[in-house]
Amino acid sequence: MAVLISPSILSADFANLERDLGVIADADYVHVDVMDNHFVPNLTLGLPVVRRLVEVSPVPLDVHLMIEDPDRWAPAFAEAGVASVTFHAEAAQGSVRLARELRARGARAGVALRPATPVEPYLDLLDEFDMILVMTVEPGFGGQAFIEGTLAKVRRARAAIDAAGAATWVQVDGGVSRDTIAAIAEAGANVFVAGSAVYGASDPAAEIAALRAIADGAARP
């Protein structure tokens, strides 16, 4: 699978989001973290801002919902025109039902797993999800240190996907940088969320290119 880079605007300047979207125009997606201060102890942006971002972003939106009751709220994000909506397994009441609803509204459907949440319950349902997001930090805040033990979960997900011949993507979010992306790609991820690594760089476009090159070099054939 192709390497896809999805910089997180959690590390961007919220007062200048349109400008900061422009500097990642060479990325494949922009990762938009929606937090409600309930599921995670942080509050970011909501549906009205996401609708506006869809209008001005040079790359498709990859929305990560860190919210309670995604069964109720997630479909509206798909209707807003984002490319992908990922909800947390721990918060959803009916993961398969919700994934089907998101797809019906034109978005890719992803399921996210906190570091301690096992991936095994979802490996028999791979065709129901376009992406599995393995959190490699605790969700809620950017700039956290990478949890190396989560790579085993990435490997298990990739092995199951390959064995099933499924087209499901594996995304990793948390602590992705030049120091960690090779190991993540080798483990089997193909979508990489990098926030502070990209927006903290003096040249975000060059950093995206560097991350892509490292991941390409380490990715499984």
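The values are calculated or read from the model by the stated rules, or taken from the named source; none is laboratory data. Fair warning: this is a prediction, and the values are worked out from it, not measured in the lab. Please note: Cβ atoms are built from the backbone with ideal geometry, for glycine as well, and neighbour counts cover all protein chains shown.
Structure summary
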read-out	value
In region 139-151, the residues that are assigned to a loop (DSSP other than H, G, I, E, B) and of a type outside the set (A, V, I, L, M)	PRO139, GLY140, PHE141, GLY142, GLY143, GLN144, PHE146
Residues (among the β-branched types (Val, Ile, Thr) and outside any loop (DSSP other than H, G, I, E, B)) located in region 168-194	VAL170, VAL172, ILE181, ILE184, VAL191, VAL193
Long-range neighbours under 8 Å by Cβ, at least six apart or interchain, first residue closer than 13 Å to VAL82 by Cβ within region 29-56, second of a type in the set (Asp, Glu) and assigned to a strand (DSSP E or B)	TYR29/ASP62; VAL30/ASP62; HIS31/ASP62; HIS31/ASP173; VAL32/ASP62
VAL96 being buried (at least 23 other Cβ atoms within 10 Å of the Cβ) and either at pLDDT 95 or above or out of contact with any helix residue (DSSP H, G or I) (no Cβ under 9 Å at 6 or more places or on another chain) (or both)	no
Candidates ALA163, ALA197 - the one that is free of Cβ contacts under 8 Å to residues at least 24 places away in the same chain, under 20 Å from MET131 (Cα atoms), in a helix (DSSP H, G or I) and not hydroxyl-bearing (Ser, Thr, Tyr)	ALA163
Residue identified as out of contact with any helix residue (DSSP H, G or I) (no Cβ under 9 Å at 6 or more places or on another chain) and either under 17 Å from TYR29 (Cβ atoms) or among the polar types (S, T, N, Q) (or both) among ALA145, ALA112, ALA159	ALA112
Within region 200-211, considering residues that are part of a helix (DSSP H, G or I) and of a type in the set (A, V, I, L, M), the one surrounded by the fewest Cβ atoms within 10 Å (Cβ to Cβ)	ALA206
THR86 vs. criteria under 25 Å from PHE146 (Cα atoms) and at pLDDT below 95	no
Among (1) surrounded by 15 or more Cβ atoms within 10 Å (Cβ to Cβ); (2) more than 17 Å from HIS31 (Cα to Cα), the one test that ALA164 misses	(1)
Test for ASP124: is it closer than 26 Å to ALA74 by Cα, acidic (Asp, Glu) and in contact (Cβ under 8 Å) with a residue 60 or more places away in the chain	no
Odd one out for ILE214 among (1) β-branched (Val, Ile, Thr); (2) closer than 22 Å to PRO115 by Cβ; (3) outside any loop (DSSP other than H, G, I, E, B)	(2)
Output for region 73-82, where each listed residue is closer than 19 Å to ASP33 by Cβ and either out of contact with any helix residue (DSSP H, G or I) (no Cβ under 9 Å at 6 or more places or on another chain) or not small (Gly, Ala, Ser) (or both)	TRP73, PRO75, PHE77, VAL82
